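Student: I'd like to ask you about the structure that follows.
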Amino acid sequence: MADVVHTPAQLQPKSSAQLPPKPTKPVAFRGGGFAPRPIRHVAPLLFLVLLALAEAGTRTGVISNLTLPRPSAVAVTLYDLAASGALWQHLIPSLRRLGVGIALGLTAGVGLGVLIGLFSLIRAGLVPLVAALFPIPKIALLPLFVIWFGIDETSKYALIAFGTFTPMVVATYGAVDNVDRTLIRMGQSFGLGWWSIVMKIVLPGAFPAILSGMRVAIAIGIILLVAAEMLGAEYGIGAYILTAGSLYDLEKLFAGVSILSILGLILNFVISRIERATLDWR
Amino acid sequence: MQLELSAIGHAYGPVEVLADINLTVPAGRIVCLVGPSGCGKSTLLRIVGGLERPDRGEVLQAGDPPPGCLNPLTYVFQHFALLPWRTVEGNIRLVLEHHRLSVQERHEIVDDVLARTRLTDFRQAWPRQLSGGMRQRVALARALAVRPAVMLLDEPLSALDSQTRELLMDDLANLWTRAPFTAIYVTHNLDEAVRLGHRIVVLSRRPGRIRAILDIDTPICERARAGIELAARQAELWDMMRAEAEAADRELADG
């Protein structure tokens, strides 16, 4: 079969040498794109540009003071709030409500979600129930919680806990369902016990999806925190925003909203760090 | 330890996948199961390994597993089934953790199987960093760690490209030559069957029945060089299977 091998000289068909060369052009590139990649500094830059536009607009009068407060004035309000100590007066009760509520909601949600993922009977009973509870706007239940738990802290904890619980259940049992069944069969084929399979295969396999479910649940928790504090709270970021809003004090209102936004960013950052620390195998 | 399959039959609902399988797997031999796709060979392997209950018949083990055996019937999966969140070493340790072994013993087992599969340098690597061939070597090391009496290999090389497959066939042949093990090797690749099987069992298409049994006497370590002779056996096998494979190919899935 050696006669099939071409030497480079033979690769050019001889006939083409005699014909006039045909015009050539490069093949047009039509691939690429559809692959998002991280670009640094764009987000802060855009943020600063928007702030600068708002600042310039309000200073020149293009944007009236009733439409948007001056960003610098909001910053001064925030500074005053921190300097006077009032910031902590509002922030600490809010953080406590958020912390207790989210802790209760996430624990119950993950726990029940894992049980639904593992036991058919629990799944058959609870999945329709959770599906019925999921679309209820939990804010609508706040009056009910006030009747059940009183106007004080407990009803606020309950609202945040319940609101974070439902998305967490759904995310968790979805995560358990999506654990690769061949890994479980593998565990069984090596004689691992039920408990070992749950602890070493099911839970680690479900963990990434549970974490991303937590991201969503925490955001919902912050929304519900404000809602709960708008109804019957003396202190708290929500109460602060409500007071500012009813007085049309836009500087204070924006200061309060900024605090919430920063709070959300911080919690998101914490989850990202947990992801990076525990999911280095991906 | 020897395995005896007696009159095994199985159906998924109305679809009969296996019928009347009688087979002996002698100790220290590799038995290859070949057959067209969908003939129930993987189902049969799951039944042998106790992962599925047959509708009829039973699998008997004759004699006790050798002393020191931790998991008599041990699988190697087509898609490796490695835990992505454990390193190479962690994946091997997984199958030892629930056995009563001293720290020292565990360490020795891991070192030994890593050396036998030439993975010692990859101890701390994550599965995602490894090529398909290396992942299957890890799965082999994991299977060897529990000192199986019978290895159940479910299309172990089917997810690999043909060059890697060639390398792994050599590895398996060497492993067997150095320390003979008993194995049932399911494959649809006749090349693998004639390279690694002492006995080749040809299944018909659904419902899978034993159509023929072919013994190959050439020692496994010499087969890489016994090209012409093996090619003849392979052609013989293919003649037997061709019509079946063609018919199986044209079958509708929900038949």
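Student: For the range B:123-156, state which residues have at least 30 Å² less accessible area in the presence of all protein chains than in their chain by itself, taking the probe as 1.4 Å and leaving out ligands, DNA and RNA.
Tutor: Residues losing area: B:Trp126, B:Arg128.
Student: Moving on to the next point. Given R₀ = 25 Å, what would the calculated FRET efficiency be for B:Cys221 paired with B:Gln163, taking r from the Cβ atoms and rounding to 0.05?
Tutor: Efficiency for this residue pair is about 0.75.
Student: Kindly compute the accessible surface that chains B and A hide from a 1.4 Å probe when together, both sides summed, and give it to the nearest 100 Å².
Tutor: Numbers: alone 12340 and 18280 Å², together 28900 Å².
Counting both chains, the buried surface is close to 1700 Å².
Student: If you count only protein heavy atoms and use a 1.4 Å probe, how large is the accessible surface of B:Met241, to the nearest 10 Å²?
Tutor: Its heavy atoms expose roughly 10 Å² to the probe.
Student: So, one more: At 7 Å along the Cα-to-beta-carbon direction for both A:Trp88 and B:Arg250, put a label point, then send me their distance in nm to one decimal.
Tutor: Distance between the two pseudo-spin positions: 8.5 nm.
Student: Find out how many positive minus negative residues lie around A:Leu68, taking Lys and Arg as positive, Asp and Glu as negative, among other residues whose Cβ is under 15 Å from that of A:Leu68.
Tutor: Surrounding charge for A:Leu68 is 0.
Student: Please state the equivalent ellipsoid semi-axes for the range B:114-238: what are the square roots of 5 times the Cα gyration tensor eigenvalues, largest first, in whole Å?
Tutor: 27, 16, 15
Student: Then there's this: Report the gain in length on full extension from A:Trp195 to A:Arg123: 0.36 nm times residue separation, minus Cα-Cα distance, nm rounded to one decimal.
Tutor: Value of the extension gain: 24.0 nm.
Student: Could I ask something else about it? In deg cm²/dmol, rounded to 500, what helix-only [θ] at 222 nm does the protein assembly as shown give when every DSSP H run of at least 4 residues adds -39500 (n - 2.57) and the total is split over its residues?
Tutor: -17500 deg cm²/dmol
Student: Now a separate question. Semi-axes of the equivalent ellipsoid of chain A: what are they in whole Å, largest first, if each equals the square root of 5 times a C-alpha gyration tensor eigenvalue?
Tutor: 51, 37, 15
Student: Considering the alpha-carbon set of the protein assembly as shown alone, what are its Rg and its Dmax in angstrom?
Tutor: Reported Rg and Dmax, both Å: 33.1, 98.
Student: Okay, moving on. Taking 2.2 N^0.38 Å as the expected size of a compact globular protein, what ratio does the Cα radius of gyration of the range B:80-148 give against it, to two decimals?
Tutor: Normalised Cα radius of gyration, the range B:80-148: 0.99.
Student: Can I ask one more? Hey, with R₀ at 45 Å, roughly what FRET efficiency would A:Ile274 and A:Ser246 work out to, going by the Cβ-Cβ distance, to 0.05?
Tutor: Working from the Cβ atoms, E equals 0.70.
Student: What number comes out for accessible area per residue over the protein assembly as shown if the probe is 1.4 Å? Units Å², please.
Tutor: Values: 28900 Å² over 537 residues.
Result: 54 Å² of accessible area for each residue.
Student: Where in chain A are the helices, taken as whole DSSP H runs, whose Cα atoms extend 30 angstrom or more along the long axis and whose Kyte-Doolittle mean reaches at least 1.6?
Tutor: A:203-230
Student: Shifting gears a bit: Counting only protein heavy atoms and using a 1.4 Å probe, what share of the accessible area of the range A:90-278 belongs to carbon plus sulfur, as a whole percent? Please report the intermediate quantities before stating the final value.
Tutor: Details: 6510 of 8860 Å².
Ligands and nucleic acids excluded, carbon and sulfur reach 73 percent.
Student: Of the heavy-atom accessible surface of the range B:80-148 (probe 1.4 angstrom), what whole percent is carbon and sulfur?
Tutor: Roughly 48 percent, rounded to a whole number.
Student: For peptide B:82-91, what's the mean number of Cβ atoms from other chains within 10 Å of each residue's Cβ? Don't skip to the answer; put the middle values down first.
Tutor: Working: counts 2, 9, 7, 11, 4, 1, 0, 0, 2, 1.
Taking all residues of B:82-91 together, the mean is 4.
Student: Would you mind getting me the FRET efficiency between A:Ile223 and B:Arg100? Use the beta-carbon distance for r and R0 = 60 Å, nearest 0.05.
Tutor: Taking R0 as 60 Å, the efficiency between A:Ile223 and B:Arg100 is 0.70.
Student: Please list, ordered by chain and number, the residues whose modelled amide H lies under 5 Å from the amide H of B:Val76; skip anything fewer than 5 residues away on the same chain.
Tutor: B:Leu152, B:Leu153, B:Asp154
Student: Here's another thing I want to ask about it. Tell me the label-point distance for the pair A:Arg181, A:Phe134, using the 7 Å Cα-to-Cβ offset, in nm and rounded to one decimal.
Tutor: Taking the two extended label points, one gets 2.1 nm.
Student: Give me the inter-chain shielding for A:190-197: mean count of other chain Cβ atoms within 10 Å, whole number please. It would help to have the intermediate numbers written out before the result.
Tutor: On the way: counts 17, 10, 5, 1, 0, 1, 3, 0.
Across A:190-197, the average partner-chain Cβ count within 10 Å equals 5.
The values are calculated or read from the model by the stated rules, or taken from the named source; none is laboratory data. Remember, predicted model here, so these are calculated numbers, not experimental data. Cβ atoms come from the backbone with ideal geometry, glycine included; neighbour counts cover every protein chain shown. Side chains included, ligands, DNA and RNA excluded: accessible areas come from the protein's heavy atoms. Shrake-Rupley method; radii C 1.70, N 1.55, O 1.52, S 1.80 Å.
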